Structure formats: C-alpha cells, structure tokens
Amino acid sequence: MFEIIDFSDDDDALLEGVRGHKGKAWSAKAEVVAYRKRLLELQGYRCAYCQGVIDLDEVGHRELDHILPKSTTKDCTIDKGRSNDDKHRQHTFGYPQFTFEPLNLIVTCKICNAFKKSHDPLLDRSLAYESDDYPVLGSILWFYPYSHRYSDHISRTENWTYKRLSCQGEAVIRVCKLDKAEVLASRFAIRALIQAKRSKNARAAFTSLAAHVHNEVCSMEQAVDALAGTLDISENICEQLIELWLFYLRGGGVRHVEKFESILAAIVFDESLGIDEAAEPFARAAEVQTA
Ligand SMILES: [Zn+2]
C-alpha cells in the first residue's frame, strides 16, 4: 500500500527539471513524463487517494493531479472563487505559479481525478494567494502525500471501504466519493469481474482472483461475487477455493494446492459428485488451518 512520497537524493535533478518550466502553459513536457513515471514507482503503482492499483502509465489508467488547481475555472466569480464553503470549491482562480511545481503533482486513478476535478483545497480562500512559496502544510485541507502518511489520515478496511482519520482524510473521502458504495463497486468490483470473465478456465479464474485478493487489488467479497456470478458456483465454494489458494500464496505449502485442485476437479469434471459433498472435508481442513 502507498504511504508517503519518499524521495532519494537522486530525485533532486528530476524535481528541478519539472520546476524549470515555470511560467509556461501546462503540457506533458519530457521532464513531467519522467517525473510521473518516478511518482508511479514511489507510489507503488497505487492511486494516492483511493489506493487502487494503477496498472499502466497510460491514458485511461492514471492521471497527474494538480493538488492545488493550476488555472481559473470557467465562470468563476469572486463570490464562489473566494468562498470557503465546500459547495463552491469546484470554482477556483487557480494557482498558475504551481503548474510546474512537482510537489503540487501526484498520480491518481482516473476515477479519483474525475471526481476531484478542480476542487480547490486551500483552507482559507478569502484572499488571493499570490505567493510563489507553496502554502505551508496546515493551510491545505487535503491529504498531502509529500508530508502526510496515508494511514494517519485514511483507513481502508479489508473490504475496501474507507474511514476518515483526520479532516484532511475526510476531504479526500468526500470529494473523491470514497464513501459512496455504488462508486466503490464500480472502482473495484468491476476489476474482479473483468478478471473472472477474461480467465481462460475456472482454474485460472480462481488463482488470478485469489492473487488479486492477496495483492489487495480487490476484496475477498468482490472476488467471491465475481466468481460466483461468472462461473455459476455457490459463493461458499468460491470462498473456500480462494482461501485455499491464499493459504498457498501466503506460504502454506502444496497441501493446500492439492485440496484446491481436488475441489476444483470435483466441480469441473465430476458432476456426479455433489460440489458441497466434495468440498466439505476440505472446508473443515481450511477452518483448522485458519484457527
Ligand atoms: Zn483513486
């Protein structure tokens, strides 16, 4: 999981390269592209806001978010742009001086960025912020990944729901809609479903979905739902099979693989053997292992 951006001394040149474009119009200059790739590494290929996996450094998979928006939004009025009321924070006069400030940039998934849009997180917007110095930490109402640790601000439960641990974390959860179940389903459950449907056979579906759970790409519940729906196998059996493969992935030894294969064979090849009947002894073994 992503916690905090932790640069090494070797990154200084990269940061200066991005800053060198100060004053120019925004575009993905070579230095920006290099910095984005480095951020992806430093973020462990996770969205800084939702922790969703970012598979590729390509359009449709990732975005480079300006934490403080870079430009004035259309129809921004003094009333809205200088208001500290949350409902007006999509209206902003922007902070063009930080367009090429690397510490104002962060990689997010497409969905988080689409919800954040031009949300302006400066705590007090009543006066124009014209300084070239980036605002000090306490003056931004937002999780700031260059100084904050994720787990101090947002907790993500095993089932991929989010809890606020600070007002900065709360702002991210609310604006990026990490508190909306239907939005969460579209973020993560869909990944599990696509993986299940893409798999060339039942075995591949179970092992890849178990790997997804293991790597915290989706939750157990989402993996079970995707498999049960795609393969028409009971949720109970799906969960048992995933758990057996998880035991194996976590170093549990080949014994679990053998059980996994037996249950799977019973489901796939031997329809005369009831699935529950075939799975029951293994389920008990799995319970003993978990205990
Ligand atoms: Zn995200």
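The values are calculated or read from the model by the stated rules, or taken from the named source; none is laboratory data. These numbers come from a predicted model, not from an experiment. Using ideal geometry, Cβ is built from the backbone for each residue, glycine included, and neighbour counts are taken over all protein chains shown. Quick note on the areas: whole protein, heavy atoms, side chains included, nothing else; ligands and nucleic acids left out. Shrake-Rupley method; radii C 1.70, N 1.55, O 1.52, S 1.80 Å.
Below are the figures for this structure:
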| quantity | calculated |
| --- | --- |
| Residue-averaged 222 nm ellipticity for the chain, from DSSP H runs of 4+ at -39500 (n - 2.57), nearest 500 | -12500 deg cm²/dmol |
| 0 to 90° range, to nearest 10: angle between helix 202-214 axis and the chain longest Cα axis | 50 degrees |
| Cα-derived Rg over Rh, computed across the chain with Rh taken as Kirkwood radius | 1.08 |
| The range 134-144 - phi-based ³J(HN,Hα) in whole Hz, Karplus 6.51/-1.76/1.60, Gly and Pro as x | 5, x, 5, 3, x, 9, 10, 8, 6, 5, 10 |
| Which listed pairs, of Lys110/Lys177; Lys70/Lys163; Lys87/Lys116; Lys80/Lys177; Lys163/Lys197, have C-alpha distances above 20 Å, in listed order | Lys70/Lys163; Lys80/Lys177; Lys163/Lys197 |
| With Cα atoms, 0 to 90° folded angle of helix 220-231 axis to the chain main axis | 60 degrees |
| Label-point separation in nm, Glu235 to Asp132, each point 7 Å along Cα→Cβ | 5.9 nm |
| Tilt relative to the chain, helix 30-42 - C-alpha long axis, 0 to 90 degrees, to 10 | 40 degrees |
| The chain - percent relative contact order, Cα under 8 Å, separation 6 or more | 13 percent |
| The range 4-84: GluC sites (Glu not before Pro) in DSSP coil with no more than 12 other Cβ atoms inside 10 Å | Glu58 |
| Accessible area of the chain divided out per residue, in Å², using a probe of 1.4 angstrom | 49 Å² |
| Straight-distance crosslink candidates among aspartates and glutamates, where the alpha carbon sits under 12 Å from Lys259 and sequence neighbours closer than 8 are dropped | Glu243, Glu280 |
| Surrounding net charge for Asp225, when Lys and Arg each add one and Asp and Glu each subtract one, Cβ distance under 11 Å | -3 |
| Long-range amide H partners of Arg46 with built H, under 5 Å | Ile54 |
| Calculated from backbone phi, Karplus (6.51, -1.76, 1.60) coupling profile of the range 118-126 in Hz, x at Gly/Pro | 9, 3, 9, x, 4, 4, 10, 9, 5 |
| Portion, in percent, of the accessible area of the chain that falls on carbon or sulfur, probe 1.4 Å | 52 percent |
